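This report refers to the structure that appears directly beneath it.
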Amino acid sequence: MTLRQKMAFSHLTIEFDDRVLTPRPWTAMQSQWAAELIPDAPVGRVLELCAGAGHIGLLAVSLSNRPLVCVDLNPAACELTERNAEVAGMRDDVEVHCGDLTQVVPSELFGVVIADPPWVPAAETARFPEDPLLAIDGGDDGLEIARLCLEVAAERVADGGHVLIQLGTSEQAHRLSSESCSTPLHLVEIRDGERGVVARFDRVA
């Protein structure tokens, strides 16, 4: 039997269980950064990729008043995101799509994209036995899903829009930046968190 738990995530109450990654309080920094960018971002909804329980995207839009689209491969994550949106009184402004992020993202342009991909190299996932493998396994170098997130973001974020992606280290962010030099996304800033980093990529017309 899956035991559902609750935690405070800033002013929101977030429900989660062992089918998803336990929300990390430090990741509220990503939400707050997105909320700072949203008011001046291009017109469009906010997109969250690899949403998990939905806490990061929900907090961001609760602070900035834009509709949210959440995407996750894990049906349990989609279920929890819908529940958390309902508890927050935001269900009418949150759309959840469950499936492969390269296939289920709506065909529209978003002002801001938030991405929370798994970023632990596959060979190191055994260090975190309490975490669901799907939520932390980033492939051989930890960046397999992050690359997909940036590919989707490059297609879906509007000119002048912003992408905030959570990673393990600044080195990972710079590696993604060097690989994406042929795309319209450009690394602007990296902020350190307690257990990872958030990198900001802007789309330049």
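The values are calculated or read from the model by the stated rules, or taken from the named source; none is laboratory data. Here the structure is a predicted model, which is why all the values come from computation and not from measurement. Note that each Cβ is placed from the backbone with ideal geometry, even for glycine, and that neighbours are counted across all protein chains shown. Accessible surface areas use protein heavy atoms only, side chains included; no ligands, DNA or RNA. Shrake-Rupley method; radii C 1.70, N 1.55, O 1.52, S 1.80 Å.
Of the residues making up the stretch 112-137, those that are free of Cβ contacts under 8 Å to residues at least 24 places away in the same chain, open to solvent by less than 50 Å² (accessible area, probe 1.4 Å) and assigned to a loop (DSSP other than H, G, I, E, B) are Pro121, Phe128.
Counting only residues that are more than 17 Å from Ala60 (Cβ to Cβ) and either under 17 Å from the mean Cα position of the chain (by Cα) or among the charged types (D, E, K, R) (or both), the stretch 171-195 holds 12 of them. Against the test of being under 16 Å from the mean Cα position of the chain (by Cα) and touching a residue at least 60 places away in the same chain (Cβ under 8 Å), the options Leu150, Leu164, Leu143, Leu109 yield a single qualifying residue, Leu164.
Would you check which residues across the stretch 59-73 are in contact with a helix residue (DSSP H, G or I) (Cβ under 6 Å, 6 or more places away or on another chain) and not hydroxyl-bearing (Ser, Thr, Tyr) and list them? Break it down into steps so the answer makes sense when it comes.
Applying the first criterion (in contact with a helix residue (DSSP H, G or I) (Cβ under 6 Å, 6 or more places away or on another chain)) to the stretch 59-73 yields 59-60, 63-64, 66-68, 70-72.
Within the stretch 59-73, Leu59, Ala60, Leu63, Arg66, Pro67, Leu68, Cys70, Val71, Asp72 qualify.
Evaluating Leu148 against the criteria (1) at pLDDT 95 or above; (2) surrounded by fewer than 17 Cβ atoms within 10 Å (Cβ to Cβ); (3) not basic (Lys, Arg) leaves one unmet condition, (2). With respect to the conditions (1) β-branched (Val, Ile, Thr); (2) exposed (fewer than 14 other Cβ atoms within 10 Å of the Cβ); (3) outside any helix (DSSP H, G or I), Thr102 lacks only one, and its number is (3). Answer yes or no as to whether Ile145 is of a type in the set (A, V, I, L, M) and outside any strand (DSSP E or B). It is true that Ile145 is of a type in the set (A, V, I, L, M) and outside any strand (DSSP E or B).
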